[in-house]
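Here is the structure we will look at, set down as structure tokens.
The values are calculated or read from the model by the stated rules, or taken from the named source; none is laboratory data. Predicted model only: the values in this text are computed from it and were never measured. Backbone-built Cβ (ideal geometry, glycine too); neighbour counts: all protein chains shown.
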């Protein structure tokens, strides 16, 4: 009998079956949308990841743009202020030192002036370093860190988006929709079929043979079949396996006979064959020498 390769359409993700876009018997093409699952949590996670990626890109752009001219001007103004404070602290220290040398000022006053002078010098050094950093712009390490944060954010988006895409069931090949085994509203887990489809151009032939009819049939052997219009078709044996206890032919006599096993035989046509539809009868001669 002619059979068609059946494909079970099942998701790789979990979700509630929201939409079924096809009906039984409908012919579809590879890439067509068959059904959609709803997963609100995953959808929200994708949105959050995209927002985080946009923020990381904005931060990277800020790093790469360097320090604005206004910020550099403010840093230079801070240097001028620190220089003025240092000049004042130096003058106060010089005055206190001179007075202390004549015993007109206490040692405490001199110590206070000395501390103020040291603080003013340290503040000027800090402001000069900050101005130099602002003028130089971001370091190579800062740029690399910004790039890494963007790459991580984009990778997170890609990963979550790939998971979300799995909630859209797409036809893996051209074919005809078979039966639908799930209804809208059902929770569908990974691997649970939603529907079946029969792939175009993937017909094969299935036979059930008793072991005494196998003769020299082996895996990989090419056999000749006859279809209803009399055409001869070459087909290769791709499956040969016992069907099990239920298909065993029991011996009719207790003495002299023995049970015979039944085997499933599958053959793939050599090339495409026109005019074959699932369910059509095909003949295979198993007699030796034919």
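For residues that are in contact with a strand residue (DSSP E or B) (Cβ under 9 Å, 6 or more places away or on another chain) and outside any strand (DSSP E or B), scanning just the stretch 192-212, find the one that is surrounded by the most Cβ atoms within 10 Å (Cβ to Cβ). In this case the residue turns out to be 194. The single residue among 271, 220, 275 that is in a loop (DSSP other than H, G, I, E, B), under 45 Å from the mean Cα position of the chain (by Cα) and modelled with pLDDT of 85 or more turns out to be 220.
So in the stretch 223-240, with the set limited to residues that are on the phi < 0 side of the Ramachandran plot and part of a loop (DSSP other than H, G, I, E, B), which one is nearest to the chain's Cα centre (by Cα)? Among those residues, the one meeting the criterion is 227.
Does residue 80 count as assigned to a helix (DSSP H, G or I) and touching a residue at least 24 places away in the same chain (Cβ under 8 Å)? So residue 80 fails the test.
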